[in-house]
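Data first, discussion second: the structure below is written as structure tokens.
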Amino acid sequence: MLLVLWSHPYSAYGQKASVALYELGLPFEQKLVDARDQALMADFRAISPFAKMPALVDAGAGRTIYESSIVIEYLDRLAGGGQLIPADPDAALEARWIDRVVDSYVGWPMNRIISGKFRPEGQHDAYGSEQDAQQIATAWDTLEDRLGDGRTWGAGESFTLADCAAAPILTYARRLVPFGDRPLLKAWHGRLMARPSFRRALEDAAPFGDLMPAPPAVD
Ligand SMILES: N[C@@H](CCC(=O)N[C@@H](CS)C(=O)NCC(=O)O)C(=O)O
């Protein structure tokens, strides 16, 4: 089995996939996506038309998959199933729901705020960025509320898709919208930071330095 992950180690969504690969113990090669390399980007667009990371190529099966959550669904099945997507349907629903909240209301607004910071002078959208920040704050409240049942991980007592998504995305997004007075969210993020699979993903990113246009988290 040859798995190739087209990604960049600093990418939040790329880390979401590499955390899953490390959790499942699936060996893979990383193909570094470099937006400055036009030939490489043409190859990347051929497998991932929106040029979004990550994309997974399973050469043995002749399959290419992009969209991080679907990549993880595929990887979990490849590893035997029932680990990152729980076998119990209700637990699976919860894992997918937390993944959607993290993705849609933290990851997407976060990426819009960040890409806004790279726009040329005069092209900034302060109103849109404020709305995006408010959406992240609402997601923080939603997650804090959901963690109120005392669960250890995002969707219960086992580490799932929900945690693969949350580990990198929360780590970056809290630099834009602090966790504030949300102790359960902070404690969950502390557990994610200590998880060996995420530590490995952070080690992969370390040689690239800090590329995020935002100050380090203060809370
Ligand atoms: N919905 C996609 C989002 C992926 C995404 O936004 N990836 C970012 C990196 S974190 C990216 O590729 N950005 C490059 C670009 O937009 O040009 C997924 O879940 O895989």
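Numbers below:
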item: Where a residue in segment 56-78 is of a type in the set (A, V, I, L, M) and its partner, wherever it lies, is modelled with pLDDT under 95, with Cβ under 6 Å and at least six apart; result: Ala59/Leu2
item: Some residue of segment 11-29 being among the polar types (S, T, N, Q) and touching a strand residue (DSSP E or B) at 6+ places or on another chain (Cβ under 7 Å); result: yes
item: Residue check, Ala20 crowded, with 20+ Cβ neighbours inside 10 Å, more than 8 Å from the ligand (Cβ to nearest atom) and touching a residue at least 40 places away in the same chain (Cβ under 8 Å); result: yes
item: Within segment 23-35, considering residues that are assigned to a loop (DSSP other than H, G, I, E, B) and within 13 Å of the ligand (Cβ to nearest atom), the one most open to solvent (accessible area, probe 1.4 Å); result: Ala35
item: Failed item in (1) assigned by TED's automatic domain parsing to the domain that holds Ala133; (2) of a type in the set (A, V, I, L, M); (3) out of contact with any Ser or Thr (no Cβ under 6 Å at 6 or more places or on another chain), with Ala201 passing the rest; result: (3)
item: Segment 182-198, residues that are assigned to a helix (DSSP H, G or I) and surrounded by 15 or more Cβ atoms within 10 Å (Cβ to Cβ); result: Leu184, Leu185, Lys186, Trp188, His189, Arg191, Leu192, Ser197, Phe198
item: Some residue of segment 89-106 being within 16 Å of the ligand (Cβ to nearest atom), surrounded by fewer than 21 Cβ atoms within 10 Å (Cβ to Cβ) and either assigned by TED's automatic domain parsing to the domain that holds Leu24 or over 16 Å from the mean Cα position of the chain (by Cα) (or both); result: no
item: Residues of segment 153-179 classified as within 11 Å of Leu192 (Cα to Cα), surrounded by 20 or more Cβ atoms within 10 Å (Cβ to Cβ) and of a type outside the set (A, V, I, L, M), total; result: 5
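The values are calculated or read from the model by the stated rules, or taken from the named source; none is laboratory data. Please read all numbers here as calculations on a predicted model, not as lab measurements. Neighbour counts are summed over all protein chains in view; Cβ atoms, including those assigned to glycine, are modelled from backbone coordinates with ideal geometry. These area figures cover heavy atoms from the full protein model, side chains too; ligands, DNA and RNA do not enter into them. Shrake-Rupley method; radii C 1.70, N 1.55, O 1.52, S 1.80 Å.
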